[in-house]
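Asker: To start, I am sharing the structure in question, which I have written as structure tokens.
Derivation of every value follows stated rules applied to the coordinates shown; laboratory data play no part. A quick note: this is a predicted structure, and the numbers were derived from the prediction, not measured. Cβ placement follows ideal geometry from the backbone for every residue including glycine, while neighbour counts extend to all protein chains displayed.
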Amino acid sequence: MVGLPTVRSCSLPGLALLLALASATPDVTCTSRSLLQKHSDVGAAAGALQAAAYSAVDVAIVGAGYAGLSIARELQKANVSFRLFEARHRIGGRILDEDLNKQGKADDVIELGGQWLHDTHTGVLSLLKDLGFELYEPGQQLGSQKFPCGGNCPERVSTSRGWLNTSSMHGRMVVPMTMEESTAFEEALAAVTEDISNTPCTEPLSHPKAKLFDSLSYSAYLREYHKLDAFPNVYSKVADQCLEAEAAKNVSALHCLWKASCNGGLRTGSVQYRVRGGPQAPLQHLAAQLPHAALHLDAAVSAIKQSKEHRALKVLVTNTSEEVLARHVVLAGLPPRQILGIQFEPNLPEEVVQLLHGLSLGSIRKYSLVYKTPWWRAKGYSGSLRYVNYSLPSFDAQRCFDNSPYSGSHGVLTCMTTGDVNRGLESLSKEARFETLQAMVQEALGPPGKEDRSPRVVEKDWSEDARSGGANVFYSPGAFASSWPGTSKVFFHHLLDKSIWIAGADYSSTSHGYMDGAVRTGQAVAKLLVQKLRAS
């Protein structure tokens with residue numbers, strides 16, 4: 001068995017790193033030593049084991065998305081040695097960009113995965129600023145056809161009365177409602193807000209009705225408990241406040257209340273941004289700054305075992321049968337199913353296993369219609385659509401939006417289909433799926449011009465992605481309360497077990513499911529690791 005090169009805390013220029021990753025270049029010589037090597041007894045043990053084809057580092061990171069690369073960046077600053085393993089052939093996880101023109105121009109990309117940043121996402125915003133990446137608001141793209149209406153064109157919303165225009169007030173979408181609907185909406189909003197305020201982020205089970213709310217789906221909570229069944233338009237708008245990539249009937253109401261509580265209440269009209277060049281570009285920049293031979297692609301970790309010879313070390317086994325010694329291991333951005341697929345010796349604590357089994361993955365597809373021009377702008381529309389199929393028992397809203405690239409080289413409408421709606425689309429052929437969504441777009445916006453009647457389709461169904469298995473995690477009804485011991489350990493202490501840590505957007509109480517959550521948890525874990533390593 002050939003051991004992997006020992007990683008030291010020195011860096012190479014980006015081009016040199018990329019060349020090294022593609023070759024069998026020997027490890028470089030560095031003057032600095034890792035904290036593991038400085039720790040005499042463990043360092044001596046690691047040195048002896050390395051002679052037997054092992055390599056040793058302070059930290060092994062599993063997963064090269066925003067969480068994993070944020071951890072690596074902070075460890076590198078602190079002169080902590082690490083290895084970064086990614087099971088895919090690429091970095092990014094659920095962050096994936098598509099170059100529409102295949103010419104390598106950054107301004108021609110659109111996002112197939114996560115993309116939105118909010119002005120409250122201070123963790124990722126600070127990181128991107130440090131890396132020198134530009135952000136822009138929707139409507140600030142280049143191109144000959146700017147957004148009309150000063151960037152405040154109406155959204156189109158399907159209601160039980162047909163398609164209607166919305167207006168905007170203080171950054172919030174205002175959907176036309178009858179007087180009776182408006183009253184029901186205000187009453188429901190006040191009641192939900194009160195329930196959120198009574199669900200403390202760190203002690204959600206202290207809510208007097210916690211068990212009841214956990215037993216209810218978010219749909220039943222709104223339709224039955226808050227009596228919105230008679231107001232489908234109101235239900236659909238309030239249901240938007242729990243932005244899960246899943247049908248509201250499948251999500252615990254208590255989970256929604258808890259998530260809102262941890263993020264300061266119901267979402268308001270915060271400013272949204274996109275990353276110029278796409279959100280995968282900062283990850284590539286971070287990867288290029290890593291020490292030589294620190295990043296390993298196509299390297300799935302199959303086992304994490306306690307070293308029999310030295311209790312202070314973990315042994316990681318990869319799919320290539322290579323083994324690495326580490327004092328700490330971080331699982332960064334791995335979905336629950338992937339974590340449960342790793343062989344742990346000893347086993348993970350029972351409360352952690354129960355949590356991982358209790359978390360479900362949402363079903364989501366990003367379906368982009370790529371036109372030659374953003375023809376809807378000439379009609380006075382923003383391209384934002386919010387639609388509900390009122391012939392179905394589910395009133396969960398789906399969304400489309402103008403996702404044209406920064407360059408303005410194309411007009412792109414991207415539709416996000418989730419939950420039961422997405423599962424219904426999965427059962428259709430590609431042709432039928434296209435006809436269904438194209439018909440909805442034309443019903444809302446009218447027909448495009450002749451040159452735009454045959455758009456190209458770019459789609460990504462994350463529920464069919466082998467490594468992701470779906471979108472961000474959620475708790476099904478009844479799963480939140482029973483999983484709370486594990487949730488508290490994972491979301492607030494970032495621990496799976498002694499010296500095994502966890503980070504990622506799915507395991508963040510703040511900005512749950514967003515890039516910001518991944519960065520925040522990654523930086524928090526890195527800080528804890530540096531403290532522990534320096535204290536040992």
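Asker: List the residues, sorted by chain then number, that are 5 or more residues from ALA303 or on another chain and whose placed amide H is less than 5 Å from its amide H.
Answerer: VAL317, GLN343
Asker: Just to be sure I understand the model, the point goes 7 Å from the Cα along the line to the Cβ. What's the resulting GLU203 to ASN389 distance in nm?
Answerer: Taking the two extended label points, one gets 4.5 nm.
Asker: Please list, in chain and number order, the residues 5+ apart from VAL57 or on another chain whose amide H is under 5 Å from its amide H, with Hs placed from the backbone.
Answerer: Residues meeting the criterion, in which the H sits 1.01 Å from N, are LEU325, ALA326, ARG327.
Asker: Okay, next question. List TRP116, TRP163 from most exposed to least, where exposure is judged by having the fewest other Cβ atoms within 10 Å. Don't skip to the answer; put the middle values down first.
Answerer: Working: TRP116 17, TRP163 14.
Ordered from fewest to most neighbouring Cβ atoms within 10 Å, TRP116, TRP163 come out as TRP163, TRP116.
Asker: Once you place label points 7 Å from the Cα toward the Cβ at GLU180 and LYS532, how far apart are they in nm?
Answerer: Each label point lies 7 Å from its Cα, and together they span 5.9 nm.
Asker: Could I ask something else about it? Cut-off is 10 Å between beta-carbons; in what order do LEU496, LEU355 appear when sorted fewest neighbours first? Please list the in-between numbers first.
Answerer: On the way: LEU496 25, LEU355 28.
Ascending Cβ contact count within 10 Å gives the list LEU496, LEU355.
Asker: Tell me, CYS256, CYS201 in order of fewest to most beta-carbon neighbours within 10 Å? Spell out each step's value before the answer.
Answerer: On the way: CYS256 28, CYS201 17.
Placing the least packed residue first, the sequence is CYS201, CYS256.
Asker: Taking 25 Å as R0, compute the FRET efficiency from the Cβ-Cβ separation of LEU340 and ASP240 and round it to 0.05. The partial results should precede the final answer.
Answerer: Numbers: r = 31 Å, r/R0 = 1.26.
My answer for the efficiency is 0.20.
Asker: Using the Cβ atoms and a cut-off under 15 Å, what net charge is assigned to the surroundings of LYS527, where Lys and Arg are +1 and Asp and Glu are -1? Working shown, then result.
Answerer: Details: positive: ARG73, LYS77, ARG520, LYS532, ARG534; negative: ASP58, GLU74.
Net charge in that neighbourhood comes out at +3.
Asker: Report the label-to-label distance for GLN442 and LYS430 in nanometres (one decimal), using points 7 Å from each Cα along the Cα→Cβ vector.
Answerer: Output for this residue pair reads 2.0 nm.
Asker: Additional query: Fully extended, how many nm does the chain gain between SER454 and SER160 (0.36 nm per residue separation, minus their Cα-Cα distance)? Could the numbers behind the result be given before it?
Answerer: Values: separation 294, 0.36 × 294 = 105.84 nm, distance 2.95 nm.
Once the chain is fully extended between SER454 and SER160, it gains 102.9 nm.
Asker: Give, as a single signed number, the net charge of other residues whose beta carbon lies under 13 Å from the beta carbon of LEU297, with Lys and Arg counted +1 and Asp and Glu -1. Could you put the intermediate results ahead of the total?
Answerer: Details: positive: ARG83, ARG88, ARG90, ARG467; negative: GLU86, ASP298.
Around LEU297, the charge tally is +2.
Asker: How many lysine pairs in the range 172-262, separated by 8 or more positions in sequence or lying on different chains, have Cα atoms less than 18 Å apart?
Answerer: 9
Asker: For the range 430-502, compute Rh as the Kirkwood radius over C-alpha pairs and then the Stokes-Einstein diffusion coefficient at 20 °C and 1.002 mPa s; write the answer in µm²/s, rounded to an integer. Write down the numbers at each step before the final one.
Answerer: Values: Rh = 16.9 Å.
Calculated translational D: 127 µm²/s.
Asker: Report, in whole Å, the centroid distance computed from the Cα atoms of the range 496-534 and the range 276-344.
Answerer: Centre-to-centre distance over Cα atoms comes out at 14 Å.
Asker: Now, a different point. List the lysines whose Cα sits under 18 Å from the Cα of LYS314, skipping any in the same chain fewer than 8 residues away.
Answerer: The reachable lysines, counting only those whose Cα sits under 18 Å from LYS314, are LYS38, LYS305, LYS498, LYS532.
Asker: Give the long-range amide H neighbours of ASN472: residues separated by 5 or more places, or on another chain, with amide H under 5 Å away, using H modelled in the peptide plane at 1.01 Å from N.
Answerer: ALA245, GLY362
Asker: Taking a ≥ b ≥ c as the square roots of the eigenvalues of the Cα gyration tensor of the range 352-414, is the shape rounded (a/c under 1.5), prolate (a/b larger than b/c) or oblate? Don't skip to the answer; put the middle values down first.
Answerer: Working: a/c = 4.12, a/b = 1.83, b/c = 2.25.
It is oblate, given that a/c is not under 1.5 and a/b is not larger than b/c.
Asker: Can you tell me the Rg and Dmax of the range 319-367, counting just the alpha carbons, in angstroms?
Answerer: Cα-based Rg and Dmax for the range 319-367 come out at 14.0, 43 Å.
Asker: Also, quick follow-up: Counting only other residues whose beta carbon sits under 12 Å from that of LEU495, what net charge do I get with K and R as +1, D and E as -1?
Answerer: Net of charged neighbours comes to +1.
Asker: Looking only at the range 297-318, which residues have a backbone nitrogen under 17 Å from a spot 7 Å from the Cα of HIS89 in the C-beta direction?
Answerer: It comes to 297-300, nothing else.
Asker: Right, here's the next one. Need one word for the range 172-262: rounded, prolate or oblate. Basis is the Cα gyration tensor (sqrt eigenvalues a ≥ b ≥ c); a/c below 1.5 gives rounded, then a/b vs b/c decides. Provide the component values of the computation, followed by the final result.
Answerer: Details: a/c = 1.81, a/b = 1.68, b/c = 1.08.
It is prolate, given that a/c is not under 1.5 and a/b is the larger ratio.
Asker: What Kirkwood hydrodynamic radius do you get for the range 194-352 when you take the inverse of the mean 1/r over all pairs of distinct Cα atoms, in Å?
Answerer: On the way: mean 1/r = 0.0501 Å⁻¹.
About 20.0 Å for the range 194-352.
Asker: If you average the sequence gap of Cα pairs under 8 Å that are 6 or more apart and divide by the length of the range 172-262, what percent do you get for the contact order? Display every interim value, and only then the final one.
Answerer: Details: 90 pairs, mean separation 35.6, N = 91.
Computed value for the range 172-262: 39 percent relative contact order.
Asker: Taking loop as defined by DSSP and a crowding limit of 12 other beta carbons within 10 Å, which trypsin sites (Lys or Arg not before Pro) in the range 306-352 fit?
Answerer: Values: sites: LYS308, ARG311, LYS314, ARG327, ARG337; in loops: LYS308, ARG311.
When the trypsin sites (Lys or Arg not before Pro) of the range 306-352 are filtered for loop state and at most 12 Cβ neighbours within 10 Å, LYS308, ARG311 remain.
Asker: Want the number for GLN103 to THR193: 0.36 nm per residue separation, take away the alpha-carbon distance, what's left? Numbers along the way, then the final one.
Answerer: On the way: separation 90, 0.36 × 90 = 32.40 nm, distance 4.86 nm.
Residue separation times 0.36 nm, minus the Cα-Cα distance, leaves 27.5 nm.
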